[in-house]
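Structure, as structure tokens:
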Amino acid sequence: MAHTLELGLDTFGDVTYDADGRLLSQPEVLRNVVAEAVLADQVGLDFFGVGEHHREDFAISAPEVLLAAIAGQTSQIHLGSAVTVLSSDDPVRVFQRFSTLDAVSNGRAEVILGRGSFTESFPLFGLDLSDYERLFEEKTELFTEILKEQPVTWSGSTRGALENQSVFPPTASGSLRTWVGVGGSPQSVVRAAHYGLPMMLAIIGGNPLAFAQFTDLYHRALEQFGKPTQPIGAHSPGYVAATDAEARDELWPHYSVMQARIGRERGWGPMTRERYEEEAGPQGALMVGSPETVAKKIVTVVQGLGLSRFDMKYSNGTMPHEKLMTAIELYGTQVAPLVREMLGENN
């Protein structure tokens, strides 16, 4: 029996400490991410995603290049972005890079399109943040035309028009699996439905079941647009260790520093230990704890939101590579089988 739920991992290539407390360079982090992905493949996980960022604390700015390196050392796991910032890229080139990745990985490539919750790519590529919405809307429209893998005729205000242009290379299957990343905006939910693309929810705080309003909206919008039913996935941060106490205590110093850094940029209040424990609790978004605890939380979210895929964002600030490798092994060898057992799936 095929698995009906896909279980994956995501990373932004968070710049980490080594086991001796030395802050690694970004090139060292990138090599570690390759090793983490190889382990994810070995323990039988379904997907490995890498997020695009352009900043000092996250090392991955060229997801497809890194994924191609991973493809050469893996055989089964699907590989994709989490997310590709389409707003500051060119849809033609994004498709070409991922269709090339699909070729070299023998059909294992996926792409998750997003606007990006970080905006460093806009000034880096000479774009105006005032065009934030228009850029993503037009480029998503063009990308969905390219996905048909037929000659494209398109015009808009954000790039030059295309007139009966073919985009190469095509995929061998004729289909590149493409999701739209949604952070909690109803407009983004409706956009994903309008283009008939699967939706990936980024759930980073609060009660994940609160996102049921967005999954309900997505289903209604698909029906109204006359689109077929599409998969829904979700991504949440997490960390797995032998016991709940060990997992929470190991994650806290790294997670709190990361939250404080991003909070200063965005005007958030400080992450207190009390708030952290709430997020790590039964109704919080953090998938933190023993394999049994994490599995139960995943099942609750999967059933509550009707998910086809769940991805855990396993990298958390400066958490050392060695700890991440242990968490990946536990996620693949213990959490995943427990989730499937609870859902009544065969391994």
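Would you check if THR11 is crowded, with 16+ Cβ neighbours inside 10 Å and out of contact with any Cys (no Cβ under 6 Å at 6 or more places or on another chain)?
Numbers: crowded, with 16+ Cβ neighbours inside 10 Å: yes; out of contact with any Cys (no Cβ under 6 Å at 6 or more places or on another chain): yes.
So THR11 fits the description; yes.
So LEU129 ticks every box in (1) crowded, with 17+ Cβ neighbours inside 10 Å; (2) of a type outside the set (D, E, K, R); (3) at pLDDT below 95 but one. Which box is left unticked?
(1)
In the list SER87, SER75, which residue meets the criterion of being small (Gly, Ala, Ser) and surrounded by fewer than 16 Cβ atoms within 10 Å (Cβ to Cβ)? Lay out the reasoning, then the answer.
Numbers: SER87 fails: surrounded by fewer than 16 Cβ atoms within 10 Å (Cβ to Cβ).
Just one listed residue meets the conditions, SER75.
Residue check, GLU149 against (1) charged (D, E, K, R); (2) surrounded by fewer than 17 Cβ atoms within 10 Å (Cβ to Cβ); (3) more than 29 Å from LYS313 (Cα to Cα), all met but one. Which one?
Every condition holds for GLU149 apart from (2).
If we scan region 54-65, do we find a residue that is in a helix (DSSP H, G or I) and surrounded by fewer than 22 Cβ atoms within 10 Å (Cβ to Cβ)? Break it down stepwise before answering.
Residues of region 54-65 that are in a helix (DSSP H, G or I), as a first pass: 63-65.
Restricting the remaining residues to those that are surrounded by fewer than 22 Cβ atoms within 10 Å (Cβ to Cβ) gives 65.
The answer is yes, given that some residue of region 54-65 is in a helix (DSSP H, G or I) and surrounded by fewer than 22 Cβ atoms within 10 Å (Cβ to Cβ).
Pairs please, first residue from region 153-166 and under 18 Å from GLY126 (Cα atoms), second anywhere and among the acidic types (Asp, Glu) and surrounded by 11 or more Cβ atoms within 10 Å (Cβ to Cβ), Cβ atoms under 8 Å, 6+ apart in sequence or on different chains.
Within 8 Å, the pairs are SER157/GLU138; THR158/ASP131; THR158/GLU138; ARG159/ASP90; ARG159/GLU138.
Filter region 324-347 down to the residues that are buried (at least 20 other Cβ atoms within 10 Å of the Cβ) and either modelled with pLDDT under 95 or not hydrophobic (A, V, I, L, M, F, W, C) (or both) and list them by number. Working first, answer last.
Quick first cut of region 324-347, residues buried (at least 20 other Cβ atoms within 10 Å of the Cβ) only: 324, 327-328, 330-332, 335-336, 339.
Correct list: TYR331, GLY332.
For region 78-127, name all the residues that are more than 20 Å from GLY156 (Cα to Cα), in contact (Cβ under 8 Å) with a residue 60 or more places away in the chain and of a type in the set (Val, Ile, Thr).
VAL83, THR100, VAL111, ILE112
May I ask you to verify whether VAL38 is of a type outside the set (S, T, N, Q), within 24 Å of THR119 (Cα to Cα) and not in a loop (DSSP other than H, G, I, E, B)? Steps first, answer last, please.
Numbers: of a type outside the set (S, T, N, Q): yes; within 24 Å of THR119 (Cα to Cα): no; not in a loop (DSSP other than H, G, I, E, B): yes.
For VAL38, the condition - of a type outside the set (S, T, N, Q), within 24 Å of THR119 (Cα to Cα) and not in a loop (DSSP other than H, G, I, E, B) - is not met.
Could you identify the single residue in ARG220, ARG159, ARG191 that is assigned to a loop (DSSP other than H, G, I, E, B) and either crowded, with 19+ Cβ neighbours inside 10 Å or over 16 Å from the mean Cα position of the chain (by Cα) (or both)?
Working: ARG220 fails: assigned to a loop (DSSP other than H, G, I, E, B); ARG191 fails: assigned to a loop (DSSP other than H, G, I, E, B).
Of ARG220, ARG159, ARG191, the one residue that is assigned to a loop (DSSP other than H, G, I, E, B) and either crowded, with 19+ Cβ neighbours inside 10 Å or over 16 Å from the mean Cα position of the chain (by Cα) (or both) is ARG159.
Name the single residue, out of those in region 323-347 being hydrophobic (A, V, I, L, M, F, W, C) and more than 20 Å from the chain's Cα centre (by Cα), that is nearest to ALA40 (Cα to Cα).
Here is the first cut: in region 323-347, the residues hydrophobic (A, V, I, L, M, F, W, C) are 324-325, 327-328, 330, 335-336, 338-339, 342-343.
Those left that are additionally more than 20 Å from the chain's Cα centre (by Cα): 338, 342-343.
On the way: LEU338: 17, MET342: 21, LEU343: 21 Å.
It comes out as LEU338.
Just give me the residues in region 90-109 being buried (at least 24 other Cβ atoms within 10 Å of the Cβ) and either at pLDDT below 95 or within 17 Å of LEU9 (Cβ to Cβ) (or both), in sequence order.
Across region 90-109, the qualifying residue is only ALA109.
Of all residues in region 74-115, count the ones that are in a loop (DSSP other than H, G, I, E, B) and not acidic (Asp, Glu). First the steps, then the outcome.
Let us first name the residues in region 74-115 that are in a loop (DSSP other than H, G, I, E, B), namely 74-77, 82-83, 89-90, 105-108, 115.
In the following step, the residues that additionally are not acidic (Asp, Glu) were identified as 74-77, 82-83, 105-108, 115.
Within region 74-115, residues that are in a loop (DSSP other than H, G, I, E, B) and not acidic (Asp, Glu) number 11.
May I ask you to verify whether ILE70 is crowded, with 21+ Cβ neighbours inside 10 Å, β-branched (Val, Ile, Thr) and outside any helix (DSSP H, G or I)? First the steps, then the outcome.
Working: crowded, with 21+ Cβ neighbours inside 10 Å: yes; β-branched (Val, Ile, Thr): yes; outside any helix (DSSP H, G or I): no.
Answer is no for this residue.
Out of region 271-303, which residues are assigned to a loop (DSSP other than H, G, I, E, B) and in contact (Cβ under 8 Å) with a residue 12 or more places away in the chain? Talk me through it step by step, then tell me what you get.
The initial filter retains those residues of region 271-303 that are assigned to a loop (DSSP other than H, G, I, E, B), namely 271-272, 281-286, 290.
MET271, PRO282, GLN283, GLY284, ALA285, LEU286, SER290, listed by residue number.
Which one of these is part of a helix (DSSP H, G or I), among the aliphatic types (A, V, I, L, M) and in contact (Cβ under 8 Å) with a residue 12 or more places away in the chain: ALA260, ALA234, ALA212, ALA245? Steps first, please.
Working: ALA260 fails: in contact (Cβ under 8 Å) with a residue 12 or more places away in the chain; ALA234 fails: part of a helix (DSSP H, G or I); ALA245 fails: in contact (Cβ under 8 Å) with a residue 12 or more places away in the chain.
Step by step, each of ALA260, ALA234, ALA212, ALA245 is checked, and only ALA212 is part of a helix (DSSP H, G or I), among the aliphatic types (A, V, I, L, M) and in contact (Cβ under 8 Å) with a residue 12 or more places away in the chain.
Scan (1) aromatic (Phe, Trp, Tyr); (2) under 17 Å from the mean Cα position of the chain (by Cα); (3) part of a helix (DSSP H, G or I) for the single condition PHE118 breaks and write down its number.
Of the numbered conditions (1) aromatic (Phe, Trp, Tyr); (2) under 17 Å from the mean Cα position of the chain (by Cα); (3) part of a helix (DSSP H, G or I), the odd one out for PHE118 is (3).
The values are calculated or read from the model by the stated rules, or taken from the named source; none is laboratory data. Since we're looking at a predicted model, the values are computed, not measured. We place every Cβ from the backbone using ideal geometry, glycine too, and count neighbours over all the protein chains shown.
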